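What follows is a short report on a single structure.
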Amino acid sequence: MRIFLIGFMGCGKTSVGKKLAEKTGYDFYDLDDEIENFTGKSITKIFETDGEQSFREYESKALLNLSKKEKAVIATGGGTPCFADNMKIIKESGISIYLQTSPETLANRLNQIKQTRPLIASKEKKELDLFVSKKLFEREPYYIKADYIIKEKNICADRILNLIGFKY
Ligand code: S3P
């Protein structure tokens with residue numbers, strides 16, 4: 001069994017994922033970390049040297065590997081569900097949960113933590129606000145294919161486990 005967390009950059013996939021793993025006893029995996037481990041490069045370096053298209057290929061490969069793990073909580077990247085067959089792989093191999101967060105909250109958070117995210121690292125706040133609204137609008141149709149949608153105010157590990165009826 002696998003639990004996939006999906007949603008825009010900054011929605012809390014990694015922090016909630018770690019808590020879910022703690023509570024369930026499952027292993028926690030962060031897709032970006034897996035990509036960095038097998039390429040030996042940071043996400044920033046991959047975008048710089050190999051380009052986004054190669055990054056998306058590594059991302060799909062890493063997802064396919066993780067989709068075979070047992071008892072896993074997997075934090076995907078913000079773009080993961082929107083490329084290749086990734087959402088199909090996610091849906092076929094586990095439970096998917098979309099952490100739905102408003103563009104305002106995302107942009108405010110991301111403004112503080114954008115350095116490690118090449119798509120937004122160089123954007124000033126105004127530009128970031130626009131980018132987040134536009135990209136979220138484009139990506140939401142993929143995200144809402146998730147089995148469960150959790151709204152911002154309810155994003156907490158206990159509520160998620162309750163919602164999916166996780167049996168300890
Ligand atoms: C991306 C999100 C990032 C990372 C990469 C691209 C995106 O992951 O995969 O920088 O396309 O939204 P996080 O959502 O974990 O920041």
statement: In the range 135-168, anything in a strand (DSSP E or B) and buried (at least 18 other Cβ atoms within 10 Å of the Cβ) is listed as Ile150
- prompt: Yes or no: Gln100 buried (at least 19 other Cβ atoms within 10 Å of the Cβ) and under 16 Å from Met9 (Cβ atoms)?
  reply: yes
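Take the residues in the range 105-144 that are acidic (Asp, Glu) and more than 14 Å from the ligand (Cβ to nearest atom); name whichever of them is nearest to Met9 (Cα to Cα).
Start the filter on the range 105-144 by keeping residues that are acidic (Asp, Glu), which leaves 124, 127, 129, 138, 140.
Right, trim to more than 14 Å from the ligand (Cβ to nearest atom) and you get 124, 127, 129.
On the way: Glu124: 16, Glu127: 16, Asp129: 13 Å.
So the residue we want is Asp129.
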field: Count - residues of the range 120-131 that are in contact with a helix residue (DSSP H, G or I) (Cβ under 8 Å, 6 or more places away or on another chain) and either outside any helix (DSSP H, G or I) or closer than 23 Å to Asp33 by Cα (or both)
entry: 3
task: Kindly establish whether Lys61 is over 13 Å from the mean Cα position of the chain (by Cα), buried (at least 16 other Cβ atoms within 10 Å of the Cβ) and among the basic types (Lys, Arg).
output: no
Elements of type helices (runs of 4 or more DSSP H) in the range 1-95, at least 3 residues being away from the ligand (no atom under 16 Å from the Cβ): 13-24, 86-93
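Given the condition modelled with pLDDT of 95 or more and more than 20 Å from Thr39 (Cα to Cα), answer yes or no: does some residue in the range 52-69 qualify? Outline the logic, then answer.
Our first condition is that a residue be modelled with pLDDT of 95 or more; within the range 52-69, this holds for 52-69.
Filter once more, keeping what is more than 20 Å from Thr39 (Cα to Cα): none.
There is no residue in the range 52-69 that is modelled with pLDDT of 95 or more and more than 20 Å from Thr39 (Cα to Cα).
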task: State which residue pairs qualify: first residue over 22 Å from Lys153 (Cα atoms) and β-branched (Val, Ile, Thr) and inside the range 71-99, second residue within 14 Å of the ligand (Cβ to nearest atom) and outside any helix (DSSP H, G or I) in any location, beta carbons under 8 Å apart, and separation of 6 or more residues or different chains.
output: Thr80/Ile6; Ile90/Phe4; Ile90/Ile6; Ile90/Thr76
query: Residues of the range 47-103 being closer than 22 Å to Val16 by Cβ, of a type in the set (Asp, Glu) and in contact with a Lys or Arg (Cβ under 9 Å, 6 or more places away or on another chain), which ones?
result: Glu70
task: Report yes if some residue within the range 15-23 is under 22 Å from Arg117 (Cα atoms) and crowded, with 20+ Cβ neighbours inside 10 Å; otherwise report no.
output: yes
- prompt: Is there a residue in the range 120-141 that is among the polar types (S, T, N, Q) and modelled with pLDDT of 95 or more?
  reply: yes
task: Test Leu31 against the criterion of being in contact with a Gly (Cβ under 7 Å, 6 or more places away or on another chain) and either within 25 Å of Asn154 (Cβ to Cβ) or surrounded by fewer than 18 Cβ atoms within 10 Å (Cβ to Cβ) (or both), and give yes or no.
output: yes
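The values are calculated or read from the model by the stated rules, or taken from the named source; none is laboratory data. No experiment lies behind these values; they were computed from the predicted model shown. For neighbour counting, all protein chains shown are included, and Cβ atoms are generated from backbone atoms with ideal geometry for every residue, glycine included.
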